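This report concerns only the one structure given below.
The values are calculated or read from the model by the stated rules, or taken from the named source; none is laboratory data. Because the structure is predicted, anything quoted here is derived from the model rather than measured. Here the Cβ is made from the backbone with ideal geometry for all residues, glycine too, and neighbour counts use every protein chain on show. The accessibility values were calculated without ligands, DNA or RNA, using every heavy atom of the protein model including side chains. Shrake-Rupley method; radii C 1.70, N 1.55, O 1.52, S 1.80 Å.
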Amino acid sequence: MDLAYNLWPINRSILGEGNRNTFELIQKYVGKEFDFLKINSGTKVFDWTIPDEWNVTDAFIIDPNGKRILDFKKNNLHLVGYSIPVDSEMSLEELSGHLHSLPDQPNVIPYVTNYYGKSWGFCISHNEKLNLVNGKYRVKVDSSFKPGQLEIAEYFIQGSSKKEIFLSTYICHPSMANNELSGPLVCASIAKKLFENSKSNTLKYSVRIAFMPETIGSIAYINSNLEKMKENIICGYVVTCVGDQRAWSFLPSRMANTFADRKALSLLKTQYPEFKTYTWLDRGSDERQYCSPGIDLPFASVMRSKYATYPEYHTSSDKFGDVVTEEGMQESIDFYLTLLGEIQKCSFPKAIYLCEPNMGKRGLYPLNSIKNAYQNSKTLMNILSFCDGKTEESEISRLTGLSHEQVTLNIKILYENKLIYFEK
Amino acid sequence: MDLAYNLWPINRSILGEGNRNTFELIQKYVGKEFDFLKINSGTKVFDWTIPDEWNVTDAFIIDPNGKRILDFKKNNLHLVGYSIPVDSEMSLEELSGHLHSLPDQPNVIPYVTNYYGKSWGFCISHNEKLNLVNGKYRVKVDSSFKPGQLEIAEYFIQGSSKKEIFLSTYICHPSMANNELSGPLVCASIAKKLFENSKSNTLKYSVRIAFMPETIGSIAYINSNLEKMKENIICGYVVTCVGDQRAWSFLPSRMANTFADRKALSLLKTQYPEFKTYTWLDRGSDERQYCSPGIDLPFASVMRSKYATYPEYHTSSDKFGDVVTEEGMQESIDFYLTLLGEIQKCSFPKAIYLCEPNMGKRGLYPLNSIKNAYQNSKTLMNILSFCDGKTEESEISRLTGLSHEQVTLNIKILYENKLIYFEK
Amino acid sequence: MDLAYNLWPINRSILGEGNRNTFELIQKYVGKEFDFLKINSGTKVFDWTIPDEWNVTDAFIIDPNGKRILDFKKNNLHLVGYSIPVDSEMSLEELSGHLHSLPDQPNVIPYVTNYYGKSWGFCISHNEKLNLVNGKYRVKVDSSFKPGQLEIAEYFIQGSSKKEIFLSTYICHPSMANNELSGPLVCASIAKKLFENSKSNTLKYSVRIAFMPETIGSIAYINSNLEKMKENIICGYVVTCVGDQRAWSFLPSRMANTFADRKALSLLKTQYPEFKTYTWLDRGSDERQYCSPGIDLPFASVMRSKYATYPEYHTSSDKFGDVVTEEGMQESIDFYLTLLGEIQKCSFPKAIYLCEPNMGKRGLYPLNSIKNAYQNSKTLMNILSFCDGKTEESEISRLTGLSHEQVTLNIKILYENKLIYFEK
């Protein structure tokens, strides 16, 4: 929660100082330096161009009574993201065209961005807007644009395999809690835990945890890494909206048939059987890129209350305490750690030798071949007979009728005896 | 019907003057010159050899009473197709071996051909045959064979795509109506209509309408064009027996699972839910070639009363008025034009960009990102997410739960905005 | 049965004099020389190394009373296979560590081998073991090891096709009847029969019958022949435990979906509908190699009482008369000959010509094309339309709704008329 409160006031966006400060605080918390992917403003990434960096020194309006209102320093949601600089006087009528409010939720400030529109705007609660008096308003937006770099920060926890599990979260949202500080907070905590564990215990699959601005970030990341991603990622999850305690939610991949889907669903069914299932049509975060046609990576998403489904979503009322709880985030951390653990237990073993290997010379088969002596080695041989590099352990379990525990134990024996391998 | 009556008396066969005259009349009716594929007699096409051209000046028999009977000039069905020249006297007994009649249908002249047998014969109603008296008969067949060309005439109505819809019909049958002047007549009318429409309105998919002799014609055509056909044809139909009003019939492709099958079945179910379904085992026209192993083109057939199922089939009683009606042909024209229209509405859109494109810069996404602003663009993005070049619109409709209208509208928007393409 | 009694006393193992003597007797019985695959001791085959050859001159124990017991010359099961030479005196306690018995079956001598353990041992009935008195025992094993060759003997009955049916049996078991003299005996008899028949009647598919030591033999064979096996074998069976009359048993291939599975099951269902079905998990013979991942050959096994399921299995009580009967073996011979016959009837015909061939010029189609003339040729054309080289006759039968007899007859006509071929 300390990290949460420190990150809260920072003005994050897709590029800018706020993002760097955010990365700084996360690094301090995790105790590990990030690897950065930095892409210059102006660079083409698929259909997109990386925009300039946006920084804000101050932004406010002075009302006709001389009162400073909609003060960015009090709440960065007041300023529309990527607003251009303004220093001007205008009537209420003119100003109104630049004010955003939610008539249905009159007490909250909405969250608005306009990254590519070269305009400016302020966000205001609808009630406050209705109370604005006629007269001259001074509008001041002390923002600046300059060529910079889109920055994606990632942790890579090296496992024994090049194959990796990918967690993707986004850091472009300013002061909101569930959507979205919960994702980076949960991911930071997962990273810290995995690094700690990795001192005593090497993972099987590497884990990559990437913090990036939403959409343009994942597009830029894929643009730089598609081939490697296709080769190495066995499953991935978009970690977002993981802070409240009101629901568990599942959003599948495009065809809803990947290893990522299967593993997440299997754990949700066990731990939170009341979870809500959404469809690909309800998607809204970076799975839009990871699963798009031609990319087709195995990404799903496990959330608490899904974005766009809870009233506080994208408003100033999406806050710690009211919406996001420490316990809610802790449950999400626990869920994802358990899920990673379950995936770590999975493998796609492949026999090293054509034909059955000589088990006797490895002490895995009774040297004296006498009737009934094979019962123990039989399980091992049954499992080995399905190690074709395409069949995951839970499928081997289904095919052999053996429990997961038995399969896992025997796969370990086969691996230690250099009889199977896992594609690197 | 004028064209029908003009075509009626012509002695069509697989090669010969009658075919050229037929093409001539069709060209005049449609008002467009054909493209011709001409293949010399003697040329090998797969397992076949193009035979010589066959022409007939006259053919008749003089009975013992001096009466001219079985006069080719009165009904070209009297002469077996590809009969060799004869000028000879013979007994009734000897003649009988050359006479073909149908005991079960004693009043009709059967239609008989013997393209590759180098023999001669006459066709006669069974009753007339029974009445023949003993005595000397003079037989005269003034036919000739000479090296010529198998001629296939085609219209190509250029669409914006190289992908094409193929209509195949055959012009080798002499004076019969349902099987077969109805196919060429219906196809001529469709061609005329499409050319007229194409002046104001370019098609999406090109349409090719080919008039050829049955069997040897489609074999020769495939022999010359297989590669292009495999690349370009999205669906094809054999247009035959489309003149009577007694039934609607569907004959599927070999595996009954192509886009041609789906679209034809879908329209039949809507328009003529009482249609009869045949199977591949009931086939009998050029789908035998188009769907054969190794060719495997997506061809089906929509007919009225299917060949070999109605009593007048392949006899002199298959006539206009009695069997084929103007209304029947018009309904078939309408059906095929509607089917072409439905297929024209289909597409296999493919996203141009990997990852989602930047919709905002195209005005397809609200620049101001505020809660609930995306409803309109969401449909667009859902559809785009299935544009993988393999999924046809009706399948996208099924996957997104959107109506065909919505899918079509949005596909258009995506296309106009250069976000998807259709493989050329 | 003469061959059975002659083979009975021979000390067979994985390499050695006993195997050569066994091959000699089988050759004499069949009246044909084997082809041999010989692989030198020390050669690596996949994960294994061919061991030295093992021969035994004598082996026995002299008990404290001077009585010769556990005499190898009386029953070769007394000596553990591949026992090293011993000439030593020892106490009963020390000796006991080298004695193998079955407490649950106290009257039988178990069958024990230790090919790769470089140790020695004797097998004894449990009752005899309990009666051994204290005192000095003289142990004599006059065995020798020397570099030799693993020998695999095969008969190849040439068919008109390079495609082959493979029967695999093993000759490494000493004096036991169902498991395992029954397999080599049944295979020898099948070979003799096929050679006799082949004088008057060439097979369609070649038949290969291989006699080899179990496990190391099939591994060595695959190591030498994998590419050819993958190319040519259309189905294979491991012939083992085919001598008793108490059951019929089926053991499938790894994925239980090959042509070998289908044909064996189809015949068992007809002839012995009460047969027991085992699963891949119950396997225990050379299908372990033939079906292993990456090898994936189409092998199944039809047995009588399956190994490891009947009480006499791998003991001195697995004898002719008590367990294996002449009638039992004869039934197995008949079953496999019938199965081979059924497979010989199968084919995967492939059309020679693209498009339909010209049937008329081959006399397979009425030259005079008159209504209703095609009924006979229609069946032929329907069958031909599915001759894509991937569809076996019984599948063509299913697709056309024609009886097996009709399909077989017409396939023959198509073949004789050079319209289809069978991949060589």
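In this structure, does A:ASN114 turn out to be crowded, with 20+ Cβ neighbours inside 10 Å, free of Cβ contacts under 8 Å to residues at least 40 places away in the same chain and either more than 14 Å from chain B (Cβ to nearest Cβ) or not hydroxyl-bearing (Ser, Thr, Tyr) (or both)?
Here the answer is yes, as A:ASN114 does meet what is asked.
Quick test for you: out of B:LYS146, B:LYS118, B:LYS140, B:LYS136, pick the one residue that is farther than 26 Å from B:SER317 by Cβ, modelled with pLDDT under 95 and among the basic types (Lys, Arg). Outline the logic, then answer.
Values: B:LYS146 fails: modelled with pLDDT under 95; B:LYS140 fails: modelled with pLDDT under 95; B:LYS136 fails: modelled with pLDDT under 95.
Being farther than 26 Å from B:SER317 by Cβ, modelled with pLDDT under 95 and among the basic types (Lys, Arg) holds for just one of B:LYS146, B:LYS118, B:LYS140, B:LYS136, which is B:LYS118.
Can we say B:ILE14 is within 27 Å of B:ASP318 (Cβ to Cβ), in a loop (DSSP other than H, G, I, E, B), at pLDDT 95 or above and touching a helix residue (DSSP H, G or I) at 6+ places or on another chain (Cβ under 6 Å)? Steps first, answer last, please.
On the way: within 27 Å of B:ASP318 (Cβ to Cβ): yes; in a loop (DSSP other than H, G, I, E, B): yes; at pLDDT 95 or above: yes; touching a helix residue (DSSP H, G or I) at 6+ places or on another chain (Cβ under 6 Å): yes.
Against the criterion (within 27 Å of B:ASP318 (Cβ to Cβ), in a loop (DSSP other than H, G, I, E, B), at pLDDT 95 or above and touching a helix residue (DSSP H, G or I) at 6+ places or on another chain (Cβ under 6 Å)), B:ILE14 qualifies.
Show the residue pairs that are 6+ apart or on different chains and have beta-carbon atoms under 9 Å apart, the first residue being within the range A:84-109 and acidic (Asp, Glu), the second being in a strand (DSSP E or B) and open to solvent by 50 Å² or more (accessible area, probe 1.4 Å).
Here the result reads A:ASP87/A:ARG138; A:ASP87/A:ASP142; A:GLU89/A:LYS136; A:GLU89/A:ARG138, each pair linking the range A:84-109 to a residue that is in a strand (DSSP E or B) and open to solvent by 50 Å² or more (accessible area, probe 1.4 Å).
Report every pair of residues separated by at least 6 positions or lying on different chains whose Cβ atoms are under 6 Å apart, first residue within the range B:400-416 and over 16 Å from B:LYS350 (Cβ atoms), second outside any loop (DSSP other than H, G, I, E, B) and polar (S, T, N, Q).
B:THR400/B:ASN382; B:HIS404/B:SER397
Specify the residue that is least open to solvent (accessible area, probe 1.4 Å); the eligible residues are those in the range B:80-102 that are assigned to a strand (DSSP E or B) and more than 19 Å from B:VAL112 (Cα to Cα).
B:MET90
Yes or no: B:ILE14 open to solvent by less than 60 Å² (accessible area, probe 1.4 Å), hydrophobic (A, V, I, L, M, F, W, C) and closer than 30 Å to B:GLN330 by Cα?
Taking the combined requirement at face value, the residue satisfies it.
Residues checked against (1) under 35 Å from the mean Cα position of the chain (by Cα); (2) surrounded by fewer than 19 Cβ atoms within 10 Å (Cβ to Cβ); (3) within 27 Å of A:ILE39 (Cα to Cα):
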| position | (1), (2), (3) |
| --- | --- |
| A:SER119 | yes, yes, yes |
| A:ASN134 | no, yes, no |
| A:ASP142 | yes, yes, yes |
| A:PRO147 | yes, yes, yes |
| A:TYR155 | yes, no, yes |
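Every residue in the range C:314-355 that is more than 17 Å from the chain's Cα centre (by Cα), among the aromatic types (Phe, Trp, Tyr) and at pLDDT 95 or above, please.
Listed by number, the list holds a single entry, C:PHE320.
Do we find a residue being under 30 Å from B:ILE157 (Cα atoms) and in contact (Cβ under 8 Å) with a residue 12 or more places away in the chain anywhere in the range B:49-68?
Yes, the range B:49-68 contains at least one residue that is under 30 Å from B:ILE157 (Cα atoms) and in contact (Cβ under 8 Å) with a residue 12 or more places away in the chain.
Of all residues in the range A:42-77 being open to solvent by 20 Å² or more (accessible area, probe 1.4 Å) and either part of a helix (DSSP H, G or I) or among the β-branched types (Val, Ile, Thr) (or both), which is farthest from A:ASP318 (Cα to Cα)?
A:THR43
From A:LEU25, A:LEU37, grab the single residue that is assigned to a strand (DSSP E or B), open to solvent by 20 Å² or more (accessible area, probe 1.4 Å) and in contact (Cβ under 8 Å) with a residue 12 or more places away in the chain.
Testing whether each residue is assigned to a strand (DSSP E or B), open to solvent by 20 Å² or more (accessible area, probe 1.4 Å) and in contact (Cβ under 8 Å) with a residue 12 or more places away in the chain leaves just A:LEU37.
Identify the residue in the range A:206-226 that is among the hydroxyl-bearing types (Ser, Thr, Tyr) and surrounded by 24 or more Cβ atoms within 10 Å (Cβ to Cβ) and, among all such residues, is farthest from the other protein chains (Cβ to nearest Cβ).
Checked the range A:206-226; the qualifying residue farthest from the other protein chains (Cβ to nearest Cβ) is A:TYR221.
Can you tell me which of B:PRO311, B:PRO349, B:PRO273, B:PRO298 is open to solvent by 10 Å² or more (accessible area, probe 1.4 Å) and under 20 Å from B:TYR205 (Cβ atoms)?
Step by step, each of B:PRO311, B:PRO349, B:PRO273, B:PRO298 is checked, and only B:PRO298 is open to solvent by 10 Å² or more (accessible area, probe 1.4 Å) and under 20 Å from B:TYR205 (Cβ atoms).
Tally up the residues in the range B:309-349 that are within 14 Å of another protein chain (Cβ to nearest Cβ) and hydroxyl-bearing (Ser, Thr, Tyr), please. Quick ask: steps written out before the conclusion?
Of all residues in the range B:309-349, those within 14 Å of another protein chain (Cβ to nearest Cβ) come to B:309-318, B:348-349.
Then keep just the ones that are hydroxyl-bearing (Ser, Thr, Tyr); that gives B:309-310, B:313, B:315-317.
Residues meeting the conditions: 6.
Which residue is surrounded by the most Cβ atoms within 10 Å (Cβ to Cβ), if the candidates are limited to the range B:276-295 and must be hydrophobic (A, V, I, L, M, F, W, C) and within 18 Å of the chain's Cα centre (by Cα)?
Among them, the one singled out is B:CYS291.
Output the qualifying pairs, or none if there are none: Cβ atoms under 8 angstrom, residues six or more apart or on different chains, first residue in the range C:254-265 and farther than 13 Å from C:GLU395 by Cβ, second residue open to solvent by 30 Å² or more (accessible area, probe 1.4 Å).
C:ARG254/C:ASP296; C:ALA256/C:THR279
Check off (1) touching a strand residue (DSSP E or B) at 6+ places or on another chain (Cβ under 7 Å); (2) within 22 Å of C:ASN55 (Cβ to Cβ); (3) hydroxyl-bearing (Ser, Thr, Tyr); (4) surrounded by fewer than 21 Cβ atoms within 10 Å (Cβ to Cβ) for C:SER160 and give me the number that stays unchecked.
(2)
Looking only at residues in the range C:370-388 that are under 18 Å from C:GLU416 (Cβ atoms) and modelled with pLDDT under 85, which one is least open to solvent (accessible area, probe 1.4 Å)?
C:SER377
Quick check: anything in the range B:360-369 within 14 Å of chain A (Cβ to nearest Cβ), charged (D, E, K, R) and surrounded by fewer than 16 Cβ atoms within 10 Å (Cβ to Cβ)?
Yes; the residues of the range B:360-369 include at least one that is within 14 Å of chain A (Cβ to nearest Cβ), charged (D, E, K, R) and surrounded by fewer than 16 Cβ atoms within 10 Å (Cβ to Cβ).
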